[in-house]
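Structure first, then comments.
Only the coordinates and a few stated rules stand behind these numbers; no lab work does. A quick note: this is a predicted structure, and the numbers were derived from the prediction, not measured. When we count neighbours, we look across all protein chains shown, and the Cβ atoms used for this are built from the backbone with ideal geometry, even at glycine.
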Amino acid sequence: MKTRFLMATAAAAIVMVACNNEETDNWAGEIRLSSGLEAQQVTRSINPDLQGGQIADEVEVGFFINENASNPTTTYPQNLLYTANGNGSFDGSTVYYPQSGNGVNIYAYAPWKDGLSLGGNYAFSIQENQSTDEGYLASDLLWGQPMKQKTDDPGVYESANPVARTKENVNVTFKHLLSKIQIELTPEAGLTAKDFRGATLKILNVKNTTSLTLTDGAISEASGSAVEVTAATYENKEGLTEENLKAAAIVVPQTITKGTKFLKVTLKSGGELYYTLPSGADDADLVLESGKIYKYDIKVKLTGLTVTSQITDWETIGEGNPVKGEAVME
């Protein structure tokens, strides 16, 4: 099946070595890991490039490596824990290719969790506070395997498992499995950036849990109770400008019924401004899909609510038209 990755990908290179040094560069057969995120999507209000072209520094990544044989001669510890160093490689234990000469199958995911097995599922919940880098990264569910371009269709990638013995890096491409909500606020009608000092921005009424099948990267429908996800808490400082009134948060793919309150800005004064999904006869429910970005350009004023464009799927970095609207004080 053709697979096009429209989200960030990461290359994890593993090189396994034989017990005798067969290569002139002293390669011992170890699996060499490296990482890089392909068409990265995720932006932050503080750091727009966080986990963009690479898995972020200190993110823990889990690997499953198995010999490609019905009766393997080499077994590996499962759910290996590696730590990304932010520049495309990982820190962790060294593992080697089988002496039998067989290839290996490699699967990976992040963030790492103890107690998982390749044949099982990963019950995953996003963080309700994503206003910090830590909360945001802990919500960015990634899954990957080695990928290669198809020779007859270079624009399409397919699985490269099993990986043959090689001293070269094995590129493990990670994709973002959840949905990203990206928001830019513009104060209008008497409001200025200073009115947002000490304010919070939240995404409302989203279910927070899913389950990842570790063998193929599939995720289940969203489950759990509806929660509020804090995307940003704006500092109460003089330096806050309209350029800083941005935020992004990650949510589980799901359908949100039209007419639902979806975004909320709470000002330091206690005023609450809401963005509610349109509920007209011609409006549809909001369907959040895996690996897509949903951009909202919200004009904030004390009265009125207008939507001037529609949500577009997130496909490549920096492209796509934001949803334009206004928030109303209640």
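Under 5 Å from the amide H of GLU235 lie the amide H atoms of GLY198, each residue being 5 or more positions distant or on a separate chain, with H modelled from the backbone and absent for Pro and chain starts. The label point for THR213 and the one for VAL156, both projected 7 Å from the Cα toward the Cβ, are 2.1 nm apart. Ignoring lysines fewer than eight residues from LYS194 along the same chain, the ones with Cα atoms less than 24 angstrom from its Cα are LYS202, LYS237, LYS246, LYS264, LYS268, LYS295, LYS299, LYS301, LYS324. Once the C-beta distance of ASN71 and SER225 is scaled by a Förster radius of 45 Å, the resulting FRET efficiency is 0.45 to the nearest 0.05.
Residues whose amide H falls under 5 Å from that of THR255, counting only those 5 or more places apart or on a different chain, are LEU288, with hydrogens built in the peptide plane. Around THR209, what is the net charge, scoring Lys/Arg as +1 and Asp/Glu as -1 over all other residues with Cβ under 12 Å from its Cβ? Once all neighbours under 12 Å are counted, the net charge is -1.
Here the Karplus curve 6.51 cos²θ - 1.76 cosθ + 1.60, taken at θ = phi - 60°, turns the phi angles of segment 60-68 into couplings of 8, 10, x, 10, 10, 10, 9, 5, 7 Hz, with x standing for Gly and Pro. Given their separation in residues at 0.36 nm each and the Cα-Cα distance between them, GLU188 and GLU243 gain 18.4 nm when the chain is fully extended.
Placing a label point 7 Å from the Cα of GLU128 along the Cα-to-Cβ direction, none of the residues of segment 143-179 has a backbone N under 16 Å of that point.
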